[in-house]
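Comments concern the structure below.
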Amino acid sequence: MDKVVEFINTGCFREALARLCRLARQPVEDGRTALCNWEPMFSPSDKNVLLELLEKDGPDAITRINHNNNPLLLLQALDEYCHRIYGPDTVRPDDRIIDGFGTSKVLSIYPGFGGGKLKQQFGNLSFWLKHHRVIPLDNTHGIPVDVCDIPPGHKDWTTSRFESAFVKIGIVQFTDNVELDIDYTDNNFFICRGISDGEKRLDSALDHIRNAKADGVHLLIMPELTITPNIRATISEQMMDLALRDGEDHELSVPIIVPGSFHEQCKSKWRNHAEAICGLDGTTLFGSDKRERVTYNGCGEMIESSPTPITCLTSPLGLIGMTICRDLFMGNSATVLQSLPLDWLFVPSMSDKLGPHKATAKTLYDTRGTIIAVANQQMPDAVEYDQGFVHHEKYDEGETGLTIITIRRTDTCLRIML
Amino acid sequence: MNTLSLNVSDPAILVDKASPSELFAAIRDIKEWSERELNSVNRIIAVWSARAIAHPNDREGISELQRLIHYTLNRANSVATLPAEYRYRWEEASDMLEARRLNLAHADPKAQIDRPHVREILLYLHQAENREQPQSGLAEHLDVTAGRVTQLIGNLEANGLITKRKHGRDNLLKLTETGQQYAEGFDRKNDTRTTRGASYLRKAS
């Protein structure tokens, strides 16, 4: 806390805010966080006084707050003051803040940014921060985190696509009987080198995107290991062709698409990689590499390359994250991912059981207000499998393999309108 | 679509002659990024950026150009190693365009209308039934400082929603035709946002 005071005294308000958020997230006894201990000290009437003082005295009002007796008032004062002096557009997602513990990003948010009312409850930092989200980029597990923005030239287009009060999510399951070409290497590992009929799968993927666009879907997610790097590139090329030919509202222009994941070689090492792309012209928004390998037929998944940082995207819908299959609930990466204040989490998956996925989805929704969308594909030779889901509910499969779930953005609970 | 050739004496003339889609397609068609191609693309980006920034209100054009720069940066990087001087120039052009885009986005009257204080001021002037109202009265009505009112009025005047006329030591404010149209659209009784906006304004200022 002394360091926070030092930051304030030297005029480093964003650094102070980032550090205070780190302190709030620190674990105390019973698995709770320091924030839980701070919340009973807060009195709502203090905030009105604080706003008046901030207007009258500026940063001097912050220095007069007794940080030991009321750390949350200090947090709110810093949140308010940073908002006033920096403004929402002066801070860009690539601005990094050194907060003494490590590096953080202090993102400005605006009304309607992500979440839902479940974010607005005690025990959640988002409840106390009106103007910012603070994302720590490093952690004790040594797994780097990064935040990226929608690429230049795509922001107005994306924002205009998310203006409705509803968000439609499309979950794809391929029913085209195309099989995986799995290669077992000598040292007990497997990789997916391709699929039995690439053209058929490309057509299926494009059909799903086309149908999703016709149904007004905003977010479309395809399952794990269902495409190849070539199919991924072709999808983008086709989107670019259509954007040049038909303009911005072409037949594949679903705002955000996760076209499944694929095994690919990156600098001679294999990885399982998924990307989210912008449907306007196929531009990559952000990517995710799988970290926890699965075992199939006694062989481990060949994941050799160092994975990219856990990346999230700031969008008009809020903070979006992505992870592949069991990374959602297994290993240190899951712990880090679950600690982030995400609003949406996309999970391409290929699993015979989705029980752990659903349990994690429920917990994350209840504690952090994160809406999780899982697109699941049947494993090769699996007798039993689950279809994907949004949040922790299960839905009947649609005829075309595309299930659409509509969510009201401001609801306290998800309201499903099939 | 026939692809445009960038092999012309001055590629800048293509900015006038060709559509953005044609230019995009031409850049997409480049197979080898030699010095000549880099110079051509660089010239097009420079001229096009300067025009887009000088244009009074062309957010779509700016976004289109930003997409072209973003694509070109990725494309040139993947085909050959892009010399740093070009990368920096193009990134700077994109940053300038982003600043201009934000500037235009904030100046958009539709964006202004959604702000609580704007609704409050427009309703106040609308209730005066087309008579000019003193600026000092507005400060009193909103319970904010005179300095804050000057800032708010400046925004509204710049967006053509109100007119301001000097009268002694005070200013007289009146709705323009556009402002009148927006104000008529508000239903004060049903619009809770306005009341919330006023209280927010009093606190924030």
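The values are calculated or read from the model by the stated rules, or taken from the named source; none is laboratory data. Nothing here was measured: the structure is a model prediction, and the numbers come from that model. As a convention, Cβ positions derive from the backbone with ideal geometry for all residues, glycine included, and neighbour counts pool all protein chains shown. Ligands, DNA and RNA are stripped out before the accessible areas are found, and what is left, the full protein with its side chains, is counted by its heavy atoms. Shrake-Rupley method; radii C 1.70, N 1.55, O 1.52, S 1.80 Å.
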Completion exercise
Restricted to segment A:262-285 and to residues being of a type in the set (G, A, S) and under 16 Å from the mean Cα position of the chain (by Cα), the residue surrounded by the fewest Cβ atoms within 10 Å (Cβ to Cβ) is A:A276
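Select from segment A:333-392 the residues that are in a helix (DSSP H, G or I) and among the small types (G, A, S) and write down the one among them that is surrounded by the fewest Cβ atoms within 10 Å (Cβ to Cβ). Can you show your working first?
Within segment A:333-392, the first condition is being in a helix (DSSP H, G or I), and the residues that meet it are A:333-339, A:355-368.
Filter once more, keeping what is among the small types (G, A, S): A:333-334, A:339, A:355, A:359, A:361.
Values: A:S333: 21, A:A334: 19, A:S339: 16, A:G355: 10, A:A359: 12, A:A361: 25.
It comes out as A:G355.
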Exercise for the section: State whether one or more residues within segment A:169-182 are within 14 Å of chain B (Cβ to nearest Cβ), over 30 Å from A:G300 (Cβ atoms) and within 21 Å of the chain's Cα centre (by Cα). Expected result: no
Exercise for the section: Output the residues belonging to segment A:209-239 that are surrounded by fewer than 21 Cβ atoms within 10 Å (Cβ to Cβ) and on the phi > 0 side of the Ramachandran plot. Expected result: A:G216
Practice task
Quick one: in segment A:393-408, of everything that is farther than 22 Å from A:D366 by Cβ and assigned to a loop (DSSP other than H, G, I, E, B), which residue is modelled with the highest pLDDT?
Solution key: A:G401
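For every residue, the table says whether it meets (1) open to solvent by 10 Å² or more (accessible area, probe 1.4 Å); (2) part of a loop (DSSP other than H, G, I, E, B).
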{"position": "A:G100", "(1), (2)": "yes, yes"}
{"position": "A:Y110", "(1), (2)": "yes, yes"}
{"position": "A:F122", "(1), (2)": "yes, yes"}
{"position": "A:T140", "(1), (2)": "yes, yes"}
{"position": "A:I169", "(1), (2)": "no, no"}
{"position": "A:D183", "(1), (2)": "yes, no"}
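Confirm whether A:P309 is touching a strand residue (DSSP E or B) at 6+ places or on another chain (Cβ under 7 Å), open to solvent by less than 40 Å² (accessible area, probe 1.4 Å) and closer than 23 Å to A:S126 by Cβ. It would help to see each step written out before you state the result.
Numbers: touching a strand residue (DSSP E or B) at 6+ places or on another chain (Cβ under 7 Å): yes; open to solvent by less than 40 Å² (accessible area, probe 1.4 Å): no; closer than 23 Å to A:S126 by Cβ: yes.
The answer is no for A:P309.
For segment A:243-254, does any single residue satisfy the condition of being of a type in the set (A, V, I, L, M, F, W, C), free of Cβ contacts under 8 Å to residues at least 40 places away in the same chain and within 14 Å of chain B (Cβ to nearest Cβ)?
In the first step, residues of segment A:243-254 are kept if they are of a type in the set (A, V, I, L, M, F, W, C); the result is A:243-244, A:252, A:254.
From the residues that got through so far, the ones that are free of Cβ contacts under 8 Å to residues at least 40 places away in the same chain too are A:243-244.
Keeping just the survivors that are within 14 Å of chain B (Cβ to nearest Cβ) gives A:243-244.
Yes - at least one qualifying residue is present in segment A:243-254.
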Practice task
Within segment A:287-302, work out how many residues are surrounded by fewer than 21 Cβ atoms within 10 Å (Cβ to Cβ), under 21 Å from A:D146 (Cβ atoms) and away from chain B (no Cβ under 14 Å).
Solution key: 1
Exercise for the section: Filter segment B:58-87 for residues that are open to solvent by 30 Å² or more (accessible area, probe 1.4 Å) and either within 13 Å of another protein chain (Cβ to nearest Cβ) or in contact with a Lys or Arg (Cβ under 9 Å, 6 or more places away or on another chain) (or both) and give the result. Expected result: B:D58, B:R59, B:E60, B:E64, B:H70, B:Y71, B:N74, B:R75, B:N77, B:S78, B:V79
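Please specify each residue of segment A:145-154 satisfying the condition of being in contact with a Pro (Cβ under 8 Å, 6 or more places away or on another chain) and either within 14 Å of chain B (Cβ to nearest Cβ) or at pLDDT below 90 (or both).
So the first thing to find is which residues in segment A:145-154 are in contact with a Pro (Cβ under 8 Å, 6 or more places away or on another chain), and the list is A:145-149.
Answer for segment A:145-154, where residues must be in contact with a Pro (Cβ under 8 Å, 6 or more places away or on another chain) and either within 14 Å of chain B (Cβ to nearest Cβ) or at pLDDT below 90 (or both): A:C148, A:D149.
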Handout entry: Answer residue from segment B:26-57, given it is surrounded by fewer than 17 Cβ atoms within 10 Å (Cβ to Cβ) and within 14 Å of another protein chain (Cβ to nearest Cβ) and is nearest to A:L244 (Cα to Cα) among those
Key = B:R28
Practice task
Look at A:E224 and say whether it is touching a Ser or Thr at 6+ places or on another chain (Cβ under 6 Å) and within 28 Å of A:I405 (Cα to Cα).
Solution key: yes
Exercise for the section: Among the residues of segment A:122-162, write down those that are touching a residue at least 24 places away in the same chain (Cβ under 8 Å) and acidic (D, E). Expected result: A:D138, A:D146, A:D149
Exercise for the section: State yes or no: is A:M350 more than 30 Å from A:N124 (Cβ to Cβ) and at pLDDT 85 or above? Expected result: yes
Handout entry: Index of the failed condition, A:I191 passing every other in (1) buried (at least 18 other Cβ atoms within 10 Å of the Cβ); (2) part of a helix (DSSP H, G or I)
Key = (2)
